[in-house]
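What follows is a single structure, written as structure tokens, with notes after it.
Nothing in this text is a laboratory measurement; each read-out follows from the coordinates by a stated rule. Bear in mind that the values here come from a model prediction, so they are computed numbers and not experimental data. Methodologically, a virtual Cβ is constructed for each residue, glycine included, from the backbone with ideal geometry; neighbour enumeration extends over all protein chains shown.
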Amino acid sequence: MIDPIILQQGSDWRAQAEVFDEIFFVFLALGTLVGTIVVAYTLWNVFKYRDDGSEPKEDFDAPIVGELPTGQGGPKAKKLFLSFGLSAIVVISLVVYAYGLLLYVEEGPDTSDAGNIEITVEGYQFGWEYIYPNGYSTRGEMIVPADQRIDLNVTSRDVWHNFGSSELRIKSDAIPGEYSSTWFSVSSEDVEAQGGEATYRVECFELCGAGHSAMTGQITVLPQDEWEEWYAGTQGENTSSVDSAGAGNASSVDNAVIRGAPA
Ligand SMILES: [Cu+2]
């Protein structure tokens with residue numbers, strides 16, 4: 001439960017995917033543990049209090065609708081309050097813990113000194129255009145550096161879309177005239193693990209028309225120095241008409257040439 005506070009202050013911040021994986025694991029582990037205890041205790045009681053015909057019928061302590069089962073002298077009531085108490089502690093702890101982590105996911109780590117990179121993501125029927133801080137734009141493929149917080153401002157130029165990458169655990173509405181923001185980061189270890197260039201699939205998560213299923217893209221993460229080199233090469237290119245479809249297509253071609261792969 002101290003985790004979220006450490007996360008927001010420390011420089012050793014984590015990717016959204018790690019945070020979500022941790023929440024998933026904690027809920028899965030606790031759910032399994034509590035479920036096992038409850039089912040085992042129930043089965044044990046079913047066995048212990050089975051009707052073997054030895055108890056006289058007049059002593060039968062039947063539960064009464066609307067009344068707490070106090071039993072004789074109260075030991076059953078104690079158990080009841082104990083189980084309520086434990087459940088409350090577990091539930092409240094989980095709420096506080098998960099909410100703290102989700103606040104971190106919303107806000108993101110404070111890396112203002114490192115100079116965050118802000119990219120505008122514009123959805124259209126049917127594809128994605130990424131506009132970099134210098135005005136350069138690419139289609140289909142977003143190219144970003146490792147170890148850096150990437151801020152995305154997601155919008156659309158026609159209908160409602162939804163920009164997301166399952167692997168990076170990011171997902172954000174793309175609505176015409178509005179900007180919704182999200183962030184992500186990929187560590188250089190992950191880039192290293194994928195052979196010096198990490199790629200993540202991008203999809204549209206809002207049924208937006210006939211080409212919706214083909215509305216995919218890619219996020220490519222390069223080591224910092226390689227990215228800087230690439231980014232320096234985009235300076236002055238395609239800065240005037242990022243909104244025009246023709247220029248966008250041209251940039252996509254340029255991009256394919258530079259990257260040596262189809263965008
Ligand atoms: Cu779409």
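Numerical summary
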quantity: Close pairs (9 angstrom Cβ cut-off, 6 or more residues apart or separate chains): among the acidic types (Asp, Glu) in region 192-214, in a loop (DSSP other than H, G, I, E, B) and within 16 Å of the ligand (Cβ to nearest atom) anywhere; calculated: 203/166; 203/215; 203/216; 206/159; 206/160
quantity: Selected residue (criterion: surrounded by the fewest Cβ atoms within 10 Å (Cβ to Cβ)) from residues of region 131-176 that are hydroxyl-bearing (Ser, Thr, Tyr) and away from the ligand (no atom under 11 Å from the Cβ); calculated: 166
quantity: Residues of region 153-184 satisfying the condition of being more than 12 Å from the chain's Cα centre (by Cα) and among the polar types (S, T, N, Q); calculated: 153, 155, 156, 162, 180, 181
quantity: Residue pairs meeting the criteria (Cβ under 6 Å; at least 6 apart or on separate chains; first over 15 Å from residue 180 (Cα atoms), in region 140-163; second within 16 Å of the ligand (Cβ to nearest atom) and of a type in the set (Ser, Thr, Tyr)); calculated: 142/130; 158/124
quantity: Of residues in region 214-226 being surrounded by 11 or more Cβ atoms within 10 Å (Cβ to Cβ) and within 16 Å of the ligand (Cβ to nearest atom), the one farthest from the chain's Cα centre (by Cα); calculated: 215
quantity: Test: residue in region 110-125 that is without any contact (Cβ under 8 Å) to a residue 40 or more places away in the chain, under 18 Å from residue 19 (Cα atoms) and either more than 16 Å from the ligand (Cβ to nearest atom) or not basic (Lys, Arg) (or both); calculated: no
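For (1) polar (S, T, N, Q); (2) free of Cβ contacts under 8 Å to residues at least 60 places away in the same chain, each residue gets a yes or a no:
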position: 177; (1), (2): no, yes
position: 180; (1), (2): yes, yes
position: 186; (1), (2): no, no
position: 189; (1), (2): no, yes
